[in-house]
Amino acid sequence: MSMENPPEHLSFTVSGRVARPCAEVYEAIADPDQLSRYFTTGGARGRLDAGADVTWDFADFPGRFPVTVLESEAPHRIVIQWGADEGTTTSGATRTTFALEPIDGGSRTLATITEESWLPTEAGARAAFDNCEGWTSMLNALKAWVEHGINLREGFYV
């Protein structure tokens, strides 16, 4: 990246393979009861359906985070928008896309999460790196939950 022509915004993408069909992986993300079992350690309220406003709560970051669902195309795509720390984005929010692609004849899913909108500043980069770590953790927890019914985050943060 040249500092003479810095990017408009920073983004990142993380991916992982889950040994379940897209429909099962999609439900594990969209369904607040499942999401609360392996990711939103303080609970999720509201299904990730287009137009829905839901909240997520995390034990390691207490307080409800409002989440707006911009798109949902079962079983392949969910796009959300949620808040970011002041000074890390122009709008005060980021856009996160969950893309689910069938692989191995549909028996497995390539799950990809892309988050964008971070400013190309030190604060924006720090926030993006923090969220990249969080989404990578979410993919690991999703895989363990969907494949084995194990909650990797239980007791991890508190």
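Values quoted throughout were computed directly from the atomic coordinates according to the rules given, and no laboratory measurement underlies them. All values derive from a computational prediction rather than experimental measurement. Note that we place each Cβ from the backbone using ideal geometry, even for glycine, and neighbour counts take in every protein chain shown.
Hey, what's the Kirkwood Rh for the chain if you take every pair of different alpha carbons, in angstrom?
16.0
Between the helical axis of 122-148 and the dominant principal axis of the chain, each derived from Cα atoms, what acute angle in degrees is found, rounded to the nearest 10?
0
For Arg47 paired with Leu70, estimate the spin-label separation in nm (one decimal), with each label point 7 Å from Cα along the Cα-to-Cβ line.
Placing both labels 7 Å beyond Cα along the Cβ direction yields 2.3 nm.
Using alpha carbons only, how many angstrom separate the centre of the range 87-124 from the centre of the range 36-69?
Between the Cα centre of the range 87-124 and that of the range 36-69, the gap is 16 Å.
At 222 nm, what helix-only mean residue ellipticity would the chain give, in deg cm²/dmol to the nearest 500, using -39500 (n - 2.57) for each DSSP H run of four or more?
-9000 deg cm²/dmol
Note down the nm distance, to one decimal, between modelled labels 7 Å out along Cα→Cβ at Glu8 and at His148.
4.3
Got the relative contact order for the chain handy, in percent, Cα pairs under 8 Å and 6 or more residues apart?
28
Put +1 on the Cβ of each Lys and Arg and -1 on the Cβ of each Asp and Glu in the chain; which of His148, Cys132, Thr121 then has its Cα farthest toward the positive end of the dipole?
Looking along the dipole axis, the top candidate is His148.
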